[in-house]
Amino acid sequence: MSLLEVRDLHVEFGTRDGTAQAVRGIDFEVGAGETLAVLGESGSGKSVSAQAIMGILDMPPGRITGGEILFQGRNLLTMPPEERRRVRGAHLAMIFQDALSALNPVLTVGYQLGEMYRVHQGASRREARAKAVELMERVRIPGAAQRVGDFPHQFSGGMRQRIMIAMALALEPDLIIADEPTTALDVTVQAQVMDLLAELQREYNMGLILITHDLGVVADVADKIAVMYAGRIVETAPVRELYRQPAHPYTKGLLDSIPRLDRKGQELYAIRGLPPSLLAIPEGCSFNPRCPMAREYCRTEDPPLYDVAAERASACHFWREMFDAR
Ligand SMILES: Nc1ncnc2c1ncn2[C@@H]1O[C@H](COP(=O)(O)OP(=O)(O)OP(=O)(O)O)[C@@H](O)[C@H]1O
Ligand SMILES: [Mg+2]
């Protein structure tokens, strides 16, 4: 049994102009100690999927119109609210992109970290503070004991992100969802924070869902990747295989648009056009208007997720051609 299993999840938003289909039937699994990277352009449904799992979707305007979210075999979507809150508190945690807005600006970092222990474990103030320092040390904040009384704005962006990781780790969850945890940081700090997250994840044997639009950051830390486009998963693969040989033109486009040292001087590839409006998803394959390989068939026939190899699937009618081209 997987730690988390998402089956045929559908999420819509009611808007003034109609129904936006943000998530249109996605499936994936994450095991203990496993990292799944969820990749895709802005608006592809990554955060909405995460919010649905965490139970923090804005409802309304959002609504989950189908599917199951099985955590340790039990469907979170049909659980009584009370029980769901308990599961979330004890087993799930989330790291957001923007620590400054996720942390409370008027409370010290030590207080906010300690609160987890006071509220959930009935720790005394003194115990909570000691735990907070310990956590800050775990995420390698220099001078933790001196800085436990500082406020969030007194830390650099990278350090604040470490504090977010510390908060997520506090209750030793089974699964962490990190939604663009390093996007706001500069590149070197990004790598440090990502390495730290990966290291702690291994140590605690947690499942990790790492949401990003940057293929560059996931290569070293993820086990497998799900590529999202317009609310669907269009390719899934073990990370190394996906890099070596993408089976979907969208994935290939993303890979070709990563700057690479060995191709210095060459113009960087950009996928033409923009993702579709979720109010008007194209007929046939939703990627067809932007796809360099698209042909007539793609404009009318919506591709299923084809099995292309062990643990690999692609929603491209012509995935075979991509394999043969190499
Ligand atoms: N609260 C909301 N109300 C209405 N529509 C929403 C809401 N939240 C999300 N959506 C819709 O769902 C779509 C998917 O949003 P989501 O936040 O999941 O994108 P994303 O893949 O996380 O993008 P990004 O990389 O920009 O974070 C959006 O295009 C938007 O139209
Ligand atoms: Mg997002």
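The values are calculated or read from the model by the stated rules, or taken from the named source; none is laboratory data. Predicted model, so just to flag it, every value in this text is computed and none were measured. Methodologically, a virtual Cβ is constructed for each residue, glycine included, from the backbone with ideal geometry; neighbour enumeration extends over all protein chains shown. Only protein heavy atoms, including side chains, enter the accessible area calculation; ligands, DNA and RNA are left aside. Shrake-Rupley method; radii C 1.70, N 1.55, O 1.52, S 1.80 Å.
Count of segment 306-326 residues, restricted to those that are among the aliphatic types (A, V, I, L, M) and either in a helix (DSSP H, G or I) or surrounded by fewer than 18 Cβ atoms within 10 Å (Cβ to Cβ) (or both), is 4.
When segment 168-200 is filtered for residues that are assigned to a helix (DSSP H, G or I), more than 16 Å from ligand 1 (Cβ to nearest atom) and surrounded by fewer than 23 Cβ atoms within 10 Å (Cβ to Cβ), the ones remaining, listed by number, are Val187, Thr188, Val189, Ala191, Gln192, Met194, Asp195, Leu196, Ala198, Glu199, Leu200.
In segment 118-167, which residue that is without any contact (Cβ under 8 Å) to a residue 40 or more places away in the chain and not in a helix (DSSP H, G or I) is least open to solvent (accessible area, probe 1.4 Å)? Residue satisfying both the conditions and the ranking: Ile141. As for segment 212-220, it holds no residue that is modelled with pLDDT of 95 or more and touching a helix residue (DSSP H, G or I) at 6+ places or on another chain (Cβ under 6 Å).
Does Phe96 satisfy the condition of being more than 14 Å from the chain's Cα centre (by Cα) and either within 13 Å of ligand 1 (Cβ to nearest atom) or exposed (fewer than 15 other Cβ atoms within 10 Å of the Cβ) (or both)? Answer is no for this residue. Residues in segment 7-45 that are within 16 Å of ligand 2 (Cβ to nearest atom) and among the acidic types (Asp, Glu): Glu41 alone.
Considering segment 71-85, the residues that are open to solvent by 20 Å² or more (accessible area, probe 1.4 Å) and in contact with a strand residue (DSSP E or B) (Cβ under 6 Å, 6 or more places away or on another chain) include one that is nearest to Met1 (Cα to Cα), namely Asn75. The number of residues in segment 267-325 being of a type in the set (Lys, Arg) and farther than 15 Å from Gly253 by Cα comes to 4. Considering segment 206-251, and only residues there that are hydroxyl-bearing (Ser, Thr, Tyr) and within 15 Å of ligand 1 (Cβ to nearest atom), the residue that is farthest from the chain's Cα centre (by Cα) turns out to be Tyr250. Being open to solvent by less than 50 Å² (accessible area, probe 1.4 Å), of a type in the set (Lys, Arg) and at pLDDT 95 or above is not true of Arg63. Restricting attention to segment 11-46, the residues that are within 7 Å of ligand 1 (Cβ to nearest atom), at positive phi and open to solvent by 20 Å² or more (accessible area, probe 1.4 Å) total 1. Taking each residue of segment 48-75 that is more than 20 Å from Ile233 (Cα to Cα) and looking for partners that are β-branched (Val, Ile, Thr) and within 13 Å of ligand 1 (Cβ to nearest atom) with beta-carbon atoms closer than 7 Å, six or more apart or interchain, yields Pro61/Thr15.
Is at least one residue of segment 104-117 away from ligand 1 (no atom under 16 Å from the Cβ), open to solvent by less than 30 Å² (accessible area, probe 1.4 Å) and not in a helix (DSSP H, G or I)? Looking for residues that are away from ligand 1 (no atom under 16 Å from the Cβ), open to solvent by less than 30 Å² (accessible area, probe 1.4 Å) and not in a helix (DSSP H, G or I), one finds none in segment 104-117, hence no. The residue that is farthest from the chain's Cα centre (by Cα), counting only those in segment 52-63 that are within 15 Å of ligand 2 (Cβ to nearest atom) and part of a loop (DSSP other than H, G, I, E, B), is Asp58. Whenever a residue of segment 198-214 is free of Cβ contacts under 8 Å to residues at least 40 places away in the same chain, it has no partner that is of a type in the set (Val, Ile, Thr) and open to solvent by 10 Å² or more (accessible area, probe 1.4 Å) lying with C-beta atoms less than 6 angstrom away and at least six residues away or across chains. Summed over segment 8-44, residues that are part of a loop (DSSP other than H, G, I, E, B) and touching a residue at least 24 places away in the same chain (Cβ under 8 Å) total 10.
Residue check: Ser49 meets all listed conditions (1) surrounded by fewer than 21 Cβ atoms within 10 Å (Cβ to Cβ); (2) among the hydroxyl-bearing types (Ser, Thr, Tyr); (3) within 16 Å of ligand 2 (Cβ to nearest atom) but one, namely (1).
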